Amino acid sequence: MSIFVVRPGLMATIQDLGRYRFQKYGVVAGGAMDIGAARAANLLVGNGDYEAVLEMTLTGTELLIETDTLLSICGADMSVTADGERLPLWRPVLVRAGVSVKFGAYGSGCRSYLAVAGGFDVPEVMGSKSTYLRGAIGGFKGRVLRSGDVLAARTPGRLSERIKHFLGKDRNGSFAVPGWHASHFAVAGNLADPIIRAMPGSHYERFTAESQERLFSQTFQIAVQSDRMGYRLEGPQKLMLAAPLELLSEAVVNGTVQVPPGGNPIVLLADRQTTGGYPRIAQVASVDIPVFAQLKPGDRFRFEAIPQYEAERLYLDNERDLKMLEAAIALKFNSAN
């Protein structure tokens, strides 16, 4: 299978779940911003959820499908079309050879994920295929995609072949899809007034009582100076320490909320550094980190305080749902004639 990149769009990179075994050496973990959408996209084409996918930001990507290809697209709704016909999201799709797939204007959300049966065939670097642009490692030659690039896929597994065979029975039109979808995992459709659940961080008590209250009461806006490394936030009132605090640089994780001296918080995301020296006022619950992947500069949201046990319950519920999706796909297509 091969896909020809006609136009890469604003930013298109190969990502997987990240490289986590080398953070002690200062290597950035990286990986997909909306991990839920990336994992679901892989499961829908019969892959393991860890395979490499194509992450596209905002708009403009155009791909030419050079051979019959089983794929799925999850995440933001970018008005995707196949030879001019609207392509359904959150389900396996068998796209015919010679079809042009275009990602148009974004509606809700800002990142979309495309998975292909077998996963994209790019080299592993330190156990991951994710692209880290600042280090020029991983993904497709360590960089964003360009016009003229050709993406190949690895050999599909047995389940992928069964899905492709099942959809291949319908040979009319540019593509074939089943009559169901898995949009339960969609974040982008629920961004009208997003609430981000978070736990007080290790330095929460070192902030003024007013700042503690502001964190969970005021509305924040994503600043223009935001990227895959972290989202800078702007609020009507600053978050200030009760007294000066000198810290050693310590480990940070996806969703850590730091507060620099200026008082505007930063939410660390996929391409975050491995350590940080700013006070940590909060930690975003894992299930809500994908929401940031679908927010863009200018979007607004509010934090909601939850205890750690609630964050753990939400995480386990989400993992259960993904396992149920995986099992349902395997059951449906392994028993299909």
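Got a sec? Which of A153, A182 is closer than 30 Å to N318 by Cβ, touching a helix residue (DSSP H, G or I) at 6+ places or on another chain (Cβ under 9 Å), of a type in the set (A, V, I, L, M) and in contact (Cβ under 8 Å) with a residue 40 or more places away in the chain? Walk me through how you get there before you give the answer.
On the way: A153 fails: touching a helix residue (DSSP H, G or I) at 6+ places or on another chain (Cβ under 9 Å).
Testing whether each residue is closer than 30 Å to N318 by Cβ, touching a helix residue (DSSP H, G or I) at 6+ places or on another chain (Cβ under 9 Å), of a type in the set (A, V, I, L, M) and in contact (Cβ under 8 Å) with a residue 40 or more places away in the chain leaves just A182.
Can you name the residue in the stretch 90-101 that is out of contact with any helix residue (DSSP H, G or I) (no Cβ under 7 Å at 6 or more places or on another chain) and either in contact (Cβ under 8 Å) with a residue 60 or more places away in the chain or in a loop (DSSP other than H, G, I, E, B) (or both) and is also nearest to L44 (Cα to Cα) among such residues? Steps first, answer last, please.
Of all residues in the stretch 90-101, those out of contact with any helix residue (DSSP H, G or I) (no Cβ under 7 Å at 6 or more places or on another chain) come to 93, 95-101.
Retained after the next criterion (residues that are either in contact (Cβ under 8 Å) with a residue 60 or more places away in the chain or in a loop (DSSP other than H, G, I, E, B) (or both)): 93, 95-100.
Working: V93: 9, V95: 14, R96: 18, A97: 20, G98: 22, V99: 20, S100: 21 Å.
Once the filter is applied, the top-ranked residue is V93.
What number goes with the only condition from (1) over 19 Å from V80 (Cβ atoms); (2) out of contact with any strand residue (DSSP E or B) (no Cβ under 6 Å at 6 or more places or on another chain) that G36 does not pass?
Of the numbered conditions (1) over 19 Å from V80 (Cβ atoms); (2) out of contact with any strand residue (DSSP E or B) (no Cβ under 6 Å at 6 or more places or on another chain), the odd one out for G36 is (1).
Could you grab the pairs with beta carbons closer than 6 Å, sequence gap of 6+ or different chains, first residue in the stretch 202-226 and under 15 Å from E304 (Cα atoms) and in contact (Cβ under 8 Å) with a residue 24 or more places away in the chain, second one in a loop (DSSP other than H, G, I, E, B) and not polar (S, T, N, Q)?
Hits for this filter: S211/L239; S211/M240; Q218/G235; Q218/P236; F220/G235.
Scan the stretch 104-124 and give yes if some residue there is over 18 Å from the mean Cα position of the chain (by Cα) and not in a loop (DSSP other than H, G, I, E, B), otherwise no.
Narrowing the stretch 104-124 to residues over 18 Å from the mean Cα position of the chain (by Cα): 104-105, 117-118, 121-124.
Restricting the remaining residues to those that are not in a loop (DSSP other than H, G, I, E, B) gives none.
Taking every residue of the stretch 104-124 in turn, none turns out to be over 18 Å from the mean Cα position of the chain (by Cα) and not in a loop (DSSP other than H, G, I, E, B).
Just one of A305, A328 is modelled with pLDDT of 95 or more and either touching a Lys or Arg at 6+ places or on another chain (Cβ under 9 Å) or of a type in the set (G, A, S) (or both); which is it? Full working, then the answer.
Details: A328 fails: modelled with pLDDT of 95 or more.
A305 is the lone residue from the list that is modelled with pLDDT of 95 or more and either touching a Lys or Arg at 6+ places or on another chain (Cβ under 9 Å) or of a type in the set (G, A, S) (or both).
Looking only at the stretch 131-168, count every residue that is part of a strand (DSSP E or B) and under 16 Å from G119 (Cα atoms) and tell me the total. Walk me through it before giving the result.
Step one: filter the stretch 131-168 for residues part of a strand (DSSP E or B), giving 132, 137, 150-153.
Among the residues that remain, those that are also under 16 Å from G119 (Cα atoms) are: 150-153.
Residues that pass the stated criteria total 4.
Residues being surrounded by fewer than 24 Cβ atoms within 10 Å (Cβ to Cβ) and either at pLDDT 95 or above or assigned to a helix (DSSP H, G or I) (or both): count how many of those fall in the stretch 52-64.
2
Which residue out of P265, P290 is over 22 Å from F185 (Cβ atoms) and in the same structural domain as F207 (by TED's automatic domain parsing)? Full working, then the answer.
On the way: P290 fails: over 22 Å from F185 (Cβ atoms).
Selected residue: P265, the only one of P265, P290 that is over 22 Å from F185 (Cβ atoms) and in the same structural domain as F207 (by TED's automatic domain parsing).
When residues of the stretch 149-163 are filtered for being under 13 Å from P92 (Cα atoms) and within 25 Å of the chain's Cα centre (by Cα), how many remain?
Kept after step one, since they are under 13 Å from P92 (Cα atoms), are these residues of the stretch 149-163: 159-163.
This time we only want the ones that are within 25 Å of the chain's Cα centre (by Cα), so: 159-160, 163.
Within the stretch 149-163, residues that are under 13 Å from P92 (Cα atoms) and within 25 Å of the chain's Cα centre (by Cα) number 3.
The values are calculated or read from the model by the stated rules, or taken from the named source; none is laboratory data. All figures in this text were calculated on a predicted structure; none of them were measured in a lab. Please note: Cβ atoms are built from the backbone with ideal geometry, for glycine as well, and neighbour counts cover all protein chains shown.
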